[in-house]
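Here is the structure we will look at.
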Amino acid sequence: MENINKSIQCTVEECRYHCSDCDYCSLDKILVGSHEKFGLGEYHTDCKSFDAGR
Ligand code: SF4
(Lines give C-alpha, C1' and ligand atoms only; values in the text may rest on other atoms or scores of the structure.)
Protein backbone atom coordinates (compact mmCIF):
# COMPACT_ATOMS: atom_id res chain seq x y z
CA MET A 1 0.00 0.00 0.00
CA GLU A 2 1.53 3.28 -1.07
CA ASN A 3 1.73 6.24 1.27
CA ILE A 4 -0.94 8.90 0.74
CA ASN A 5 -0.32 12.40 2.07
CA LYS A 6 -3.75 13.97 2.46
CA SER A 7 -2.12 17.36 3.05
CA ILE A 8 -0.92 17.44 -0.58
CA GLN A 9 -3.66 17.20 -3.19
CA CYS A 10 -2.40 16.73 -6.73
CA THR A 11 -3.90 15.83 -10.11
CA VAL A 12 -0.65 15.21 -12.00
CA GLU A 13 -1.16 11.56 -12.81
CA GLU A 14 2.01 11.46 -14.91
CA CYS A 15 4.17 11.87 -11.79
CA ARG A 16 5.64 8.73 -10.22
CA TYR A 17 4.69 10.04 -6.76
CA HIS A 18 1.00 10.51 -7.61
CA CYS A 19 -1.36 8.15 -5.82
CA SER A 20 -2.52 5.68 -8.43
CA ASP A 21 -6.24 5.86 -7.67
CA CYS A 22 -6.73 9.17 -5.86
CA ASP A 23 -5.69 12.80 -6.28
CA TYR A 24 -2.99 12.95 -3.62
CA CYS A 25 0.78 12.96 -3.50
CA SER A 26 2.61 10.10 -1.81
CA LEU A 27 5.61 12.14 -0.64
CA ASP A 28 5.98 13.48 2.90
CA LYS A 29 6.80 16.93 1.53
CA ILE A 30 7.22 18.64 -1.84
CA LEU A 31 9.05 21.64 -3.20
CA VAL A 32 7.09 24.26 -5.16
CA GLY A 33 8.87 26.82 -7.29
CA SER A 34 8.50 29.08 -10.30
CA HIS A 35 9.89 28.78 -13.82
CA GLU A 36 9.43 32.51 -14.53
CA LYS A 37 11.48 35.33 -13.04
CA PHE A 38 9.20 38.16 -14.20
CA GLY A 39 5.45 38.49 -14.82
CA LEU A 40 4.69 35.79 -12.31
CA GLY A 41 1.20 34.26 -12.55
CA GLU A 42 -0.38 31.24 -10.96
CA TYR A 43 0.40 29.19 -14.09
CA HIS A 44 4.12 29.85 -13.62
CA THR A 45 4.41 27.77 -10.47
CA ASP A 46 5.47 24.13 -10.60
CA CYS A 47 5.99 21.21 -8.31
CA LYS A 48 9.77 20.79 -8.34
CA SER A 49 9.42 17.32 -6.81
CA PHE A 50 7.75 16.04 -9.99
CA ASP A 51 9.40 12.95 -11.41
CA ALA A 52 8.18 11.36 -14.63
CA GLY A 53 9.93 8.17 -13.57
CA ARG A 54 10.88 7.26 -17.12
S1 SF4 B 1 5.65 15.18 -6.43
FE2 SF4 B 1 4.45 16.97 -7.06
S3 SF4 B 1 3.63 16.49 -9.08
FE4 SF4 B 1 4.31 14.59 -8.13
S5 SF4 B 1 2.47 13.75 -7.16
FE6 SF4 B 1 3.59 14.93 -5.62
S7 SF4 B 1 2.65 16.97 -5.71
FE8 SF4 B 1 2.08 15.91 -7.58
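Brief remarks follow.
- Residues in region 26-54 that are assigned to a loop (DSSP other than H, G, I, E, B) and farther than 15 Å from Cys10 by Cα: His35, Glu36, Lys37, Phe38, Gly39, Leu40, Gly41, Gly53, Arg54.
- In this entry, Ile8 passes the filter for residues that are in contact with a strand residue (DSSP E or B) (Cβ under 6 Å, 6 or more places away or on another chain), surrounded by 10 or more Cβ atoms within 10 Å (Cβ to Cβ) and not in a loop (DSSP other than H, G, I, E, B).
- Scan of region 1-21 for residues that are closer than 18 Å to Val32 by Cα and without any contact (Cβ under 8 Å) to a residue 12 or more places away in the chain, ordered by number: Ser7, Glu13, His18
- Leading residue by the ranking (modelled with the lowest pLDDT) among those in region 37-54 that are more than 9 Å from the ligand (Cβ to nearest atom) and of a type in the set (Gly, Ala, Ser): Gly39
- Candidates Ser20, Ser26 - the one that is over 9 Å from the mean Cα position of the chain (by Cα), loosely packed, with under 10 Cβ neighbours inside 10 Å and of a type in the set (S, T, N, Q): Ser20
- Of residues in region 13-36 being among the hydrophobic types (A, V, I, L, M, F, W, C) and more than 13 Å from Ser49 (Cα to Cα), the one nearest to the ligand (Cβ to nearest atom): Cys19
- Ser34 meets all of the listed conditions (1) at pLDDT below 95; (2) buried (at least 16 other Cβ atoms within 10 Å of the Cβ) but one, namely (2).
- Number of the condition not met by Cys47 [criteria: (1) touching a residue at least 24 places away in the same chain (Cβ under 8 Å); (2) loosely packed, with under 10 Cβ neighbours inside 10 Å; (3) under 10 Å from the mean Cα position of the chain (by Cα)]: (2)
The values are calculated or read from the model by the stated rules, or taken from the named source; none is laboratory data. No experiment lies behind these values; they were computed from the predicted model shown. As a convention, Cβ positions derive from the backbone with ideal geometry for all residues, glycine included, and neighbour counts pool all protein chains shown.
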